[in-house]
Amino acid sequence: MFNGKHFYNQTLKKTVAVFGTLFNNIKTVRQGTGETRVPIAYGPRQKFLARIQSDTAAATDKSIAIKLPRMSFEISDISFDAESKLNKFNKRPLPVGGETTKITTVNQGVPYNVGMQLNIYAKTQDDALQIFEQILPTFAPEYTVAIKDMEGSGTVTDVPVVLTGTSIQDDYEGDFQTRRTIIYTLDFTMKVKFVGGVSQGKIIRTIDTFFYNDIENLSAQVNSSSISDTATIAIDNVIGSLREGQTMTFEGMPRTSTYIPPTIIAVADTLTDGKPNSITVSSNQTIPDNTKLTFINKTREENVRVTLDTSDAFPLDDTDTVTTTFGFDHG
């Protein structure tokens, strides 16, 4: 399970940084003062409220109080995302710099929902609403951001940020000197994937493919009283597509070491019920009437070899050379 190899993809760290970046350029406008950028920081809501509501009566400089409006955010929960789970055996290849024959791979990431809570603090409803209305139109209710290197070096992962709920708190109690704080809370879910360490592997640079078009067992039946020492055979009950190069076998065929099974060298153009009614094979044969003939595809024309040029590196693009060879000799 644990192989002792250290890895650290900084998944949560990047998630927090990206979430905060989404809201770090929101501004409010007040008549006579112009635009003001709303500061944002990571931290628990209770800490900011304690700082805002702290007693500053003994301080000589009232400016040390937290300036409003401002925002804070924090991770509220982390839960497994069963709906987004994919096959755990899937692997993702990653390039290795300077290597043309090796790659690194990472296993399928494990999806989790990371709950994020954004809090807006303001002294007036107008300030809070300005911030609130700049955020809501972006989420309908989802906004997707691309995050680099979350699933390994060189990767780009699309991470949905879903707005799941909002709430407002304006509980004012106390005398006229007590500082009022309006709080708008927005709850989000970020769908992230946690991946493990990387493993090394080799790049497949040559692929051999063998195509067999005949899905039936190719066969026919001798259609004459019998054939004796002749290469032309009248046939019927043909199953499949007969063509030149196929090897013919039949029950009662000689089993001596010197006997070479015949191959088809010609297929008749004349048809019976859409099938050829005779074939010519490579050697004379003596076969009783109604003997079943079977045919084996021995031609090489269905073999295809695809080879990547040795100088081309992963990942491939339109400048790389891929050679396709048809009918190669496997060996």
Residue within region 220-236 that is within 30 Å of residue 326 (Cα to Cα) and either aliphatic (A, V, I, L, M) or modelled with pLDDT under 90 (or both) present: yes
Residue within region 61-83 that is at pLDDT below 75, open to solvent by 100 Å² or more (accessible area, probe 1.4 Å) and over 30 Å from residue 198 (Cβ atoms) present: yes
Test: residue 272 is more than 17 Å from residue 297 (Cβ to Cβ) and modelled with pLDDT under 85: yes
Candidate set from region 282-318 (those that are open to solvent by 60 Å² or more (accessible area, probe 1.4 Å) and of a type in the set (Val, Ile, Thr)); member that is modelled with the lowest pLDDT: 310
Checking residue 178 against (1) of a type in the set (Val, Ile, Thr); (2) over 25 Å from residue 135 (Cβ atoms); (3) modelled with pLDDT of 85 or more, the condition it does not meet: (3)
Single residue of 183, 168 found to be at pLDDT 85 or above, over 30 Å from the mean Cα position of the chain (by Cα), open to solvent by 80 Å² or more (accessible area, probe 1.4 Å) and within 30 Å of residue 145 (Cβ to Cβ): 168
Any chance residue 147 is modelled with pLDDT of 90 or more, open to solvent by less than 60 Å² (accessible area, probe 1.4 Å) and within 23 Å of the chain's Cα centre (by Cα): yes
Single residue of region 1-51 satisfying the filter (of a type in the set (S, T, N, Q), assigned to a loop (DSSP other than H, G, I, E, B) and at pLDDT 80 or above) that is surrounded by the most Cβ atoms within 10 Å (Cβ to Cβ): 9
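Here's the yes/no breakdown for (1) modelled with pLDDT under 85; (2) in contact with a Phe, Trp or Tyr (Cβ under 9 Å, 6 or more places away or on another chain); (3) open to solvent by 60 Å² or more (accessible area, probe 1.4 Å):
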site: 91; (1), (2), (3): yes, no, yes
site: 95; (1), (2), (3): yes, yes, yes
site: 102; (1), (2), (3): yes, yes, yes
site: 106; (1), (2), (3): yes, no, no
site: 109; (1), (2), (3): no, yes, no
site: 113; (1), (2), (3): no, yes, no
site: 121; (1), (2), (3): no, yes, no
site: 130; (1), (2), (3): no, no, no
Subset of region 194-253 (residues that are assigned to a loop (DSSP other than H, G, I, E, B), of a type in the set (Val, Ile, Thr) and within 20 Å of residue 265 (Cβ to Cβ)): none
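The values are calculated or read from the model by the stated rules, or taken from the named source; none is laboratory data. Note that the structure is predicted; figures quoted are calculated from it, not measured. Backbone-built Cβ (ideal geometry, glycine too); neighbour counts: all protein chains shown. Remember, those area values only see protein heavy atoms, side chains included, never the ligands or the DNA or RNA. Shrake-Rupley method; radii C 1.70, N 1.55, O 1.52, S 1.80 Å.
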